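The values are calculated or read from the model by the stated rules, or taken from the named source; none is laboratory data. This structure is a prediction, so every number in the text was calculated from the model and none was measured. Every residue, glycine as well, gets a Cβ built from its backbone with ideal geometry; the counts of neighbours run over all protein chains shown. The accessibility values were calculated without ligands, DNA or RNA, using every heavy atom of the protein model including side chains. Shrake-Rupley method; radii C 1.70, N 1.55, O 1.52, S 1.80 Å.
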Amino acid sequence: MNGLKVVFWKEMADHLGSRKFIILFAIILAISVSVVYILSQNISEYFSEISKEYMFLNLFTTSAGSLPSFIFFVSFFGPLIGIIFGFDSINSERSRGTMSTVLSQPIYRDALINGKFLASLTTIGIMLISIILIILGLELGVLGIIPNFEEILRMGLFFVASIIYIGFWLSMGILFSIVFRQTTTSALISVMLWIFFAFFILMIASVIADQIVPLNQNSTLEVAAKNDEIKNMILRISPVVLFQEIVIALLNPSARAFGISSLVKLNDLLPTSLSISQSLMVIWPQFVGLIALMLICFAISYIIFMRQEIRAT
Amino acid sequence: MKKIVLEAKNLTKFYNHNKVVDSINLQIEEGEIFGFLGPNGAGKTTTILMALGLTEPSSGEVNIFGYNSTREPLKVKRITSYLPENVGFYEDLTAQENLKYITRLNNIPEKNAEEKIKEVLKIVGLAEEAHKEVGKYSKGMKQRLGMAAVLVKEPKIAILDEPTTGIDPKGVEEILNLIVKMSKEQNITIMLSSHLLYQVQKICTKIGIISKGRIVAQGSIQEIDQNLLKTNQEDSFEVKVNPELSPVVLDSIKKIEGVNKIEKKSSEHSLEEIYIKYFREG
């Protein structure tokens with residue numbers, strides 16, 4: 001255990017003092033603060049869209065004019081943060097020649113990868129929570145909106161979900177840093193996968209769905225629903241989609257279903273908000289899926305790393 | 001007889017069906033400076049990594065102070081220091097901080113560590129540069145810092161992989177002196193791999209020669225020398241003459257029945273000769 005602790009604290013110190021941390025922090029802070037600020041300046045414009053019960057949460061989910069919402073930025077920048085912290089974690093140790101020095105000390109081999117993973121995740125957590133707190137402070141100060149208890153709980157869950165989401169991208173970055181000896185290769189492959197999961201999967205999903213269940217003007221509602229179902233099934237391979245659904249349900253208490261069914265079923269329902277446990281029920285499969293994706297990704301990197309040769313050259 | 005510190009028994013390693021290390025048997029006694037000689041790709045580093053428990057042997061085993069390297073790697077790594085070929089450090093940290101990380105990984109209490117780091121930096125002659133970032137170090141300085149990293153955990157045995165490659169002659173001299181000092185003053189057993197014979201000849205008490213994954217000779221330089229002569233000597237006579245025989249005499253000896261070869265030899269085999277002979281045969 002000592003080895004893990006030592007590696008963890010060394011990595012933490014490295015991260016917190018590193019330029020990449022400071023730059024990332026500054027960028028994300030600037031973007032999120034400006035989103036909230038612009039929104040709060042024009043709050044009267046969007047007042048009709050905002051439910052008064054969950055005013056605080058709505059500030060995170062509403063997009064202000066040309067600027068997208070805060071949660072869009074998290075789902076968009078989250079992967080980049082994870083990749084930036086992960087893509088050179090192992091192969092840079094290898095190319096600097098520090099890996100054999102460290103591993104020839106009396107520590108278990110997994111202390112290195114576990115320590116690195118935990119330290120990066122903690123750093124990201126610190127980054128995220130301080131941004132959330134800054135926004136919270138801004139809203140309290142500028143707008144005088146006080147979050148109620150449930151909103152704070154939902155923010156907490158949102159934080160957990162974001163950590164798991166970024167954790168997935170982090171472990172993917174680490175995986176590529178183990179597989180590829182060049183940091184540029186692992187960075188490129190990571191970014192490629194991110195683009196695929198964030199953008200290309202949308203096109204691919206609808207193409208495949210249309211192939212299996214073709215739609216035309218005479219299609220019945222059942223056929224359309226079937227098409228949508230297939231599309232959603234494919235989309236949910238992507239952690240980006242999973243995360244977006246989780247966040248929508250968490251920060252928007254009236255969300256109860258996704259896809260075409262949300263349009264159909266909801267007409268007959270009372271427009272009341274769901275309680276937090278019910279919101280969780282709605283996105284439970286997505287939540288578990290996201291956790292599984294992160295764990296699988298980390299497990300693969302762990303196994304490959306444990307079997308890999310430690311060669312100085 | 002002295003205590004055996006490192007022992008390899010039938011140590012074998014396959015990489016994709018290639019036998020990189022082929023049933024090596026090695027014994028290193030306490031207090032020795034053991035030179036592990038062989039050309040590049042002979043299996044030196046693989047053997048060392050197996051001794052440290054960083055690579056699993058395909059068969060056979062290594063014991064260091066009675067601890068099995070594969071099954072008890074932590075115990076082995078606690079008493080063994082390893083200087084990798086092309087040793088690397090965190091370039092944005094100072095020498096002192098780099099060594100501190102190593103002492104922490106070794107669970108050495110902070111208080112003792114501080115003093116120990118100062119002491120070893122003085123030994124390797126980097127006391128002045130202790131607070132300089134390692135990124136600004138020259139190759140020779142880095143290598144000396146590597147030696148400091150070896151010393152700082154107070155090992156019983158130090159395994160140095162090509163400690164002198166890529167360093168200027170003066171630096172090499174310094175490193176070699178350090179190794180001898182380590183062995184004599186701190187009583188550390190040393191295993192040193194190299195392909196530079198001249199250096200090994202100068203400081204090693206025993207050598208092992210590895211070629212294509214096999215140990216082809218092991219012992220002190222004199223022993224190996226004698227063995228080499230013996231194998232050539234069957235049914236042969238060695239005559240010491242001074243000055244050289246004239247070609248006429250040599251010719252007449254050649255004409256005698258049963259003589260099929262006459263060879264001129266210098267008085268003693270240098271290590272270079274031994275080495276080249278083994279690799280030609282291997």
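Odds and ends about this structure:
- Residue match in the stretch B:137-147 (condition: farther than 30 Å from B:G60 by Cβ and either among the aromatic types (F, W, Y) or not in a helix (DSSP H, G or I) (or both)): yes
- Residue in the stretch B:89-100 that is under 20 Å from the mean Cα position of the chain (by Cα), within 12 Å of chain A (Cβ to nearest Cβ) and without any contact (Cβ under 8 Å) to a residue 40 or more places away in the chain present: no
- Residues that are open to solvent by 10 Å² or more (accessible area, probe 1.4 Å) number at least 3 in the following helices (runs of 4 or more DSSP H) confined to the stretch A:62-164: A:70-86, A:91-96, A:109-138.
- Per the listing B:K116, B:K77, the residue uniquely under 20 Å from B:L160 (Cβ atoms), surrounded by 15 or more Cβ atoms within 10 Å (Cβ to Cβ) and away from chain A (no Cβ under 13 Å) is B:K116.
- So B:V172, is it open to solvent by less than 10 Å² (accessible area, probe 1.4 Å), among the hydrophobic types (A, V, I, L, M, F, W, C), part of a helix (DSSP H, G or I) and within 22 Å of B:K44 (Cα to Cα): no
- Of the residues contained in the stretch A:195-206, none is found to be farther than 26 Å from A:F287 by Cβ and surrounded by 15 or more Cβ atoms within 10 Å (Cβ to Cβ).
- For the stretch B:59-73, the criterion of being open to solvent by 10 Å² or more (accessible area, probe 1.4 Å), without any contact (Cβ under 8 Å) to a residue 12 or more places away in the chain, within 27 Å of A:S92 (Cα to Cα) and within 10 Å of chain A (Cβ to nearest Cβ) is met by no residue.
- Residues in the stretch A:275-313 that are within 14 Å of chain B (Cβ to nearest Cβ), free of Cβ contacts under 8 Å to residues at least 40 places away in the same chain and open to solvent by 60 Å² or more (accessible area, probe 1.4 Å): 2 in all.
- Test result for B:I190, β-branched (V, I, T), open to solvent by 10 Å² or more (accessible area, probe 1.4 Å) and under 18 Å from B:V124 (Cβ atoms): no
- Among the candidates A:L16, A:L57, A:L39, the residue that is open to solvent by 20 Å² or more (accessible area, probe 1.4 Å) and either at negative phi or at pLDDT below 75 (or both) is uniquely A:L16.
- B:T55 in a loop (DSSP other than H, G, I, E, B), over 21 Å from B:S138 (Cα atoms) and at the interface with chain A (Cβ under 8 Å from one of its Cβ atoms): yes
Residues checked against (1) among the hydroxyl-bearing types (S, T, Y); (2) at pLDDT 90 or above:
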| position | (1), (2) |
| --- | --- |
| A:E151 | no, no |
| A:S162 | yes, yes |
| A:L170 | no, yes |
| A:I178 | no, yes |
| A:T184 | yes, yes |
| A:Q217 | no, no |
| A:R236 | no, no |
| A:L242 | no, yes |
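- Residue within the stretch A:166-181 that is touching a residue at least 24 places away in the same chain (Cβ under 8 Å), within 24 Å of A:S69 (Cβ to Cβ) and charged (D, E, K, R) present: no
- Yes/no for B:V152 being β-branched (V, I, T) and within 13 Å of chain A (Cβ to nearest Cβ): yes
- Which numbered condition B:E7 fails, given (1) closer than 19 Å to B:R214 by Cα; (2) surrounded by fewer than 17 Cβ atoms within 10 Å (Cβ to Cβ); (3) of a type in the set (D, E): (2)
- Where a residue in the stretch B:179-201 is assigned to a strand (DSSP E or B) and its partner, wherever it lies, is open to solvent by less than 60 Å² (accessible area, probe 1.4 Å) and aromatic (F, W, Y), with Cβ under 7 Å and at least six apart: B:I190/B:F34; B:M191/B:F34; B:M191/B:F36; B:L192/B:F34; B:L192/B:F36; B:S193/B:F36
- Qualifying positions in the stretch B:101-113 - facing another protein chain (nearest Cβ under 9 Å) and either more than 15 Å from B:V150 (Cβ to Cβ) or open to solvent by 80 Å² or more (accessible area, probe 1.4 Å) (or both): B:R104, B:N107
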